[in-house]
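Novice: What follows is a structure written as structure tokens; I'll ask about it next.
Rule-based calculations on the coordinates, nothing more; no lab input. Just so we're clear, the structure is a prediction, and the values are computed from it rather than from any experiment. With ideal geometry, Cβ positions are generated from the backbone for all residues, glycine too; neighbour counts draw on all protein chains shown.
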Amino acid sequence: MKWVSKDIETYSTAKEYVDTAVIPIYSVSFGNEMKQSASNAEFITLLTTYLERQFTGRLLLVPPFTYLKSDNQEDILQQLKKWEENIETSEFKHIFYITTEIDWKNFEKELTGSLIWLPSLPLEHLNDSQKISMVESQVKQLLSLFTQKWHENL
């Protein structure tokens, strides 16, 4: 389910089946890093959209946690932990963070949810069918990871 009113309405009536929140994480940079920042965001957005399609009815795709790359990492972590606390109190059993930002691996143990780091795949020179093929391949790999995490907590 996506973060749109129609899906949230459906979620409200089927909460017991929707036990997973997926939070895309990406940074925003300006100047020399602007293009890479946009490329990372594009990749994560496309990937999480496809992931949501695979698990509609089981997960809620939350709006992305976005921050300025130049901000203090500890402050950013505290902000994300606030999101995590709110999501946990909303009865989600599983939280997955998906990012291309390698720095998040340093904070993985401080998060309750599961952090998934993926290297960003440059999509800018691919046509739409190539993008879809590449992203679908990544999503297939994530499917088994999600299933594994769900089974661990049974």
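Novice: Suppose we keep just the DSSP beta bridges with both residues in the stretch 19-147; what percent of those would be antiparallel, to 5? Intermediate values should be presented prior to the final figure.
Specialist: Working: 0 of 18 bridges.
Percentage antiparallel, nearest 5: 0.
Novice: Quick check: the distance between the Cα centres of the stretch 1-63 and the stretch 88-154, to the nearest angstrom?
Specialist: Between the Cα centres of the stretch 1-63 and the stretch 88-154 lies a distance of 10 Å.
Novice: In addition: Which is farthest toward the positive dipole end of the chain among Leu80, Leu68, Thr147, measuring Cα position about the Cα centre, with Cβ charges +1 (Lys, Arg) and -1 (Asp, Glu)?
Specialist: Projecting each Cα onto the dipole axis, the largest value belongs to Thr147.
Novice: Under a Cβ-only charge scheme (Lys and Arg +1, Asp and Glu -1), can you give me the dipole magnitude of the chain about the Cα centre, in debye to the nearest 20?
Specialist: 360 debye
Novice: Separate question: Check each of the GluC sites (Glu not before Pro) in the stretch 1-79 and keep only those in coil by DSSP with at most 10 other C-beta atoms within 10 angstrom; list them in order.
Specialist: Counting only loop positions with at most 10 other Cβ atoms within 10 Å, the GluC sites (Glu not before Pro) in the stretch 1-79 are Glu16.
Novice: Determine which lysines satisfy two conditions relative to Lys81: a Cα distance under 29 Å, and not lying fewer than 8 residues away in the same chain.
Specialist: In chain and number order, the partners are Lys2, Lys6, Lys15, Lys35, Lys69, Lys93, Lys105, Lys109, Lys140, Lys149.
Novice: Related question: In deg cm²/dmol, rounded to 500, what helix-only [θ] at 222 nm does the chain give when every DSSP H run of at least 4 residues adds -39500 (n - 2.57) and the total is split over its residues?
Specialist: -16000 deg cm²/dmol
Novice: Can you match Rg and Dmax of the Cα atoms in Å to one of these, [x] 14.1, 38; [y] 15.5, 47; [z] 17.1, 55, based on a calculation from the structure here?
Specialist: [y]
Novice: Within the chain, what's the longest run with no trypsin sites (Lys or Arg not before Pro) in a DSSP loop and at most 14 other beta-carbon atoms within 10 Å? Give the range, please.
Specialist: By the stated rule (loop sites, at most 14 other Cβ atoms within 10 Å), 16-92.
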